[in-house]
Structure formats: structure tokens, C-alpha cells
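Below: one structure, written as C-alpha cells.
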Amino acid sequence: MIPFNNIAVSSDKPENGADVWIKHCKNMVKTLPNTQTVNGITFTNNGDGTITVNGTATAVAYITIDKRNLQSNKYALSGCPVGGGQDKYSIYMTDTGAWSNIAQDFGNGANFNLDSLKNIETRLRVAAGVTVNNLVFKPQLEIGEQTKFTPYFVDDILIKEGNSYRSIFDN
């Protein structure tokens with residue numbers, strides 16, 4: 001067994017020259033897999049965790065971008081462009097067991113607490129009659145307080161080899 005002096009857990013870089021780096025993604029939202037058009041609004045996956053929205057909504061237009069179970073904890077939802085609102089556009093989360101909204105972000109983020117396990121859907125929404133042009137959403141759900149946007153990635157474990165790191169999952 002190889003001894004390790006220190007282990008870093010972070011999303012962007014290891015700290016203090018750690019022997020082992022657990023590259024952890026704080027963003028839990030994977031985003032939609034492809035482009036979808038709903039009620040006159042086109043939601044385009046940009047491939048970098050962001051979604052560009054264009055068009056005029058002929059009726060309320062929304063898409064589900066993530067489904068998951070969430071444990072009891074404190075969370076932050078963010079990524080709606082500034083200027084959103086109930087009568088404009090938003091990112092929101094729905095408890096599918098009760099079909100009730102848990103959190104909505106109109107451009108400033110939203111913190112919320114869950115006191116029990118919930119089945120959640122995260123959605124982007126554009127209100128009826130609203131026109132949007134190249135509106136970029138950066139959906140992010142994370143445990144704790146809102147932080148800078150990080151695209152979703154699968155967690156990884158890396159071992160230091162010289163001046164670089166190698167994933168233990170690489171062959």
C-alpha cells in the first residue's frame with residue numbers, strides 16, 4: 001500500500017501539493033441532454049453546463065433539466081440570469097410528491113432547507129408572452145450556500161505522479 005501524506009477535496013485544483021485529490025463536483029445539476037423547443041421557446045444545451053434560451057413563449061414554456069432525490073440538508077439553487085421574475089423567467093424546483101415549489105431563482109439565487117427526503121425536479125421556465133434572446137442559464141444546485149458556477153462533472157480520484165495527477169479510473 002502506498003502511504004499518502006495528504007488528501008485534497010476540491011472542485012477545481014488540489015491544495016498544498018496533495019498526494020491524492022478527490023475532484024468533487026459541487027454542482028448536482030447535469031442539465032438536459034439536447035435542444036428542445038416548447039411553446040415557441042428553444043432551450044439549447046451549450047455542452048458546458050449552460051443552456052441558452054430563445055424565442056417568444058406562446059404559452060408557459062418549461063423544461064425539466066434534472067430529476068433526483070434530495071436528503072434533508074441546506075441547499076442553494078442558482079443560475080437564472082438577472083432580471084427574472086414570476087412573470088418573466090426562472091429556475092425552480094418542485095417536490096414531485098406534493099407538486100409544490102420548493103425554491104425559485106429569479107437571478108439572485110435561492111437558499112432553502114429540506115427536513116426530509118424529497119423527490120425533486122429542477123426546471124427552467126419562461127412565462128407566456130415573454131420574448132427572450134440569447135438568455136443564458138447556468139443551473140446549479142449545491143449543498144450549503146451559493147457559490148460561483150461550476151459545470152457538472154463526475155467526481156474523480158486522482159493520484160499525484162510527479163507534477164501532474166492521474167485518475168485512478170484511467171487504464
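Residues that are at positive phi, in a strand (DSSP E or B), touching a residue at least 24 places away in the same chain (Cβ under 8 Å) and not acidic (Asp, Glu): does region 43-62 have at least one?
yes
For the subset of region 76-110 comprising residues that are aliphatic (A, V, I, L, M) and either out of contact with any Lys or Arg (no Cβ under 9 Å at 6 or more places or on another chain) or closer than 17 Å to ASN27 by Cβ (or both), which member is surrounded by the fewest Cβ atoms within 10 Å (Cβ to Cβ)?
Here the answer is VAL82.
This table checks each residue for (1) assigned to a loop (DSSP other than H, G, I, E, B); (2) among the hydroxyl-bearing types (Ser, Thr, Tyr); (3) in contact with a Phe, Trp or Tyr (Cβ under 9 Å, 6 or more places away or on another chain).
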position	(1), (2), (3)
CYS25	yes, no, yes
THR31	yes, yes, yes
THR64	no, yes, no
ALA76	no, no, yes
ALA98	yes, no, no
PHE112	no, no, yes
ALA128	yes, no, no
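Within region 147-159, take every residue that is under 30 Å from GLY97 (Cβ atoms) and loosely packed, with under 13 Cβ neighbours inside 10 Å and give me the one that is nearest to the chain's Cα centre (by Cα).
Selected residue: VAL154.
For the structure I just gave you, tell me whether ALA57 is surrounded by 17 or more Cβ atoms within 10 Å (Cβ to Cβ), over 15 Å from THR122 (Cβ atoms) and over 18 Å from the mean Cα position of the chain (by Cα).
Taking the combined requirement at face value, the residue satisfies it.
From the list GLY144, GLY129, which one is surrounded by fewer than 19 Cβ atoms within 10 Å (Cβ to Cβ) and either among the basic types (Lys, Arg) or at pLDDT below 95 (or both)?
GLY144
Which pairs have Cβ atoms under 9 Å, sit 6 or more apart or on different chains, and link a residue in region 92-114 that is under 20 Å from PHE149 (Cα atoms) and outside the structural domain of GLN71 (by TED's automatic domain parsing) to one that is surrounded by 14 or more Cβ atoms within 10 Å (Cβ to Cβ) and among the acidic types (Asp, Glu)?
Qualifying pairs under 9 Å: none.
Please give the number of the condition GLN86 fails out of (1) closer than 30 Å to ARG166 by Cβ; (2) of a type outside the set (Lys, Arg); (3) out of contact with any strand residue (DSSP E or B) (no Cβ under 6 Å at 6 or more places or on another chain).
Only one criterion is unmet by GLN86, namely (1).
List pairs: first in region 148-171 and outside any loop (DSSP other than H, G, I, E, B), second of a type in the set (Phe, Trp, Tyr), Cβ under 6 Å, 6+ apart or cross-chain?
LEU158/TRP21; LEU158/TYR165; TYR165/TRP21
The values are calculated or read from the model by the stated rules, or taken from the named source; none is laboratory data. The structure presented is a predicted model; accordingly, all values stated were derived computationally and were not measured. Cβ atoms come from the backbone with ideal geometry, glycine included; neighbour counts cover every protein chain shown.
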